[in-house]
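**Student:** So that we are looking at the same thing, I have put the structure below in structure tokens.
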Amino acid sequence: MTDGRERCGWSTSTDAYVAYHDTEWGVPEHDPRRLFEFVILEGAQAGLSWSTILNKRAGYRAAFAGFDAAQVAAFDDDDVARCLADPGIVRNRAKVGAAVGNARAWLELDDPAAFLWDFVDGRPVQSSWTSLAELPVSTPAAEAMSKALKKRGFRFVGPTICYSLMQACGLVNDHVVDCFRHDECRRLAEG
């Protein structure tokens, strides 16, 4: 980018990454629908690059009823077949099936947003990383989240996927300290 602002190194390879980094990643998210969206998207990413999923995000919105968990939970075999034929998403039977199962498990949670936020005591964890090399791929909180989600029937929610969810949805502020978004996300968490 030519605007002169420092960003996390991972975010500068494409315009889509820059936009995602600058507007979404690390922002504390409490909306259950948006959190459910990231449960689906992070699970879909398993074994793939985030750019693959980011480029198919509109396809996922269309295929998965705008991430309305109640509608996705009602998907039947015809809906799964439709998704598996849709080039707008990653056509992996296990991941599509997990999205439907995860929607059903999501609806069983009394307060899904509070459930996820409880793993960080309701407040974003503020990091102080100076380089991308310092960022962990998982933490004890992500491991606990993974275990709790699996116990409730979720799939594609391993510790690394859960940590990616925590980063994306601002449960942790993993912008490196020199990134202009680090302080912005910290202020959002305090506000």
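**Student:** Need the C-alpha centroid separation for region 66-136 versus region 22-37, integer Å.
**Tutor:** If you average the Cα positions of each part, the centres end up 12 Å apart.
**Student:** Name the residue, out of Asp178, Asp121, Asp78, whose mean-square fluctuation peaks in a Gaussian network model built on the chain with Cα pairs under 10 Å.
**Tutor:** Highest fluctuation among the options: Asp78.
**Student:** If R₀ is 30 angstrom, what is the calculated FRET efficiency for the pair Thr52 and Lys150, using the beta carbon separation as r and rounding to 0.05?
**Tutor:** On the way: r = 24 Å, r/R0 = 0.81.
After rounding, the FRET efficiency stands at 0.80.
**Student:** If the limit is 21 Å between Cα atoms, which of Lys95/Lys151; Lys56/Lys95; Lys95/Lys150 go over it?
**Tutor:** On the way: Lys95/Lys151 18 Å; Lys56/Lys95 14 Å; Lys95/Lys150 15 Å.
In this structure, not one pair exceeds 21 Å between Cα atoms.
**Student:** With the crude spin-label approximation of a point 7 Å out along Cα→Cβ, what separation in nm comes out for Asp78 versus Asp178?
**Tutor:** Computed distance between label sites Asp78 and Asp178 equals 5.6 nm.
**Student:** Compute, for region 1-141, the length of the dipole vector about the Cα centre, with Cβ point charges of +1 (Lys, Arg) and -1 (Asp, Glu) only. Units Debye, rounded to 20. Let's see the in-between values first.
**Tutor:** Details: 13 positive and 21 negative charges, 92 e Å.
In debye, rounded to 20, region 1-141 gives about 440.
**Student:** Here's another thing I want to ask about it. At 1.4 Å probe radius, can you tell me the per residue accessible area of region 16-77 in Å²? It would help to have the intermediate numbers written out before the result.
**Tutor:** Working: 2390 Å² over 62 residues.
For region 16-77, the per-residue accessible area is 39 Å².
**Student:** Within the accessible area of the chain, what % is carbon and sulfur when the probe is 1.4 Å and the other protein chains stay in place? Mind showing how you got there, number by number?
**Tutor:** On the way: 4650 of 9100 Å².
With neighbouring chains kept in place, the figure for the chain is 51 percent.
**Student:** Something else now. Set the Förster radius R0 to 25 Å, insert the Cβ-Cβ distance between Arg34 and Ser128 as r into 1/(1 + (r/R0)^6), and round the FRET efficiency to 0.05.
**Tutor:** On the way: r = 26 Å, r/R0 = 1.05.
After rounding to 0.05, the efficiency reads 0.40.
**Student:** If amide H atoms are built 1.01 Å from N in the plane of the peptide, which residues on other chains or at least 5 residues away come under 5 Å of the amide H of Val125?
**Tutor:** Amide H neighbours of Val125, under 5 Å, 5+ apart: Val172, Asn173.
**Student:** So how much accessible area does Arg186 have, in Å² to the nearest 10, using a 1.4 Å probe?
**Tutor:** That residue has around 70 Å² of solvent-accessible surface.
The values are calculated or read from the model by the stated rules, or taken from the named source; none is laboratory data. Bear in mind the structure is a predicted one, so any value in this text is a computation, not a measurement. Using ideal geometry, Cβ is built from the backbone for each residue, glycine included, and neighbour counts are taken over all protein chains shown. Remember, those area values only see protein heavy atoms, side chains included, never the ligands or the DNA or RNA. Shrake-Rupley method; radii C 1.70, N 1.55, O 1.52, S 1.80 Å.
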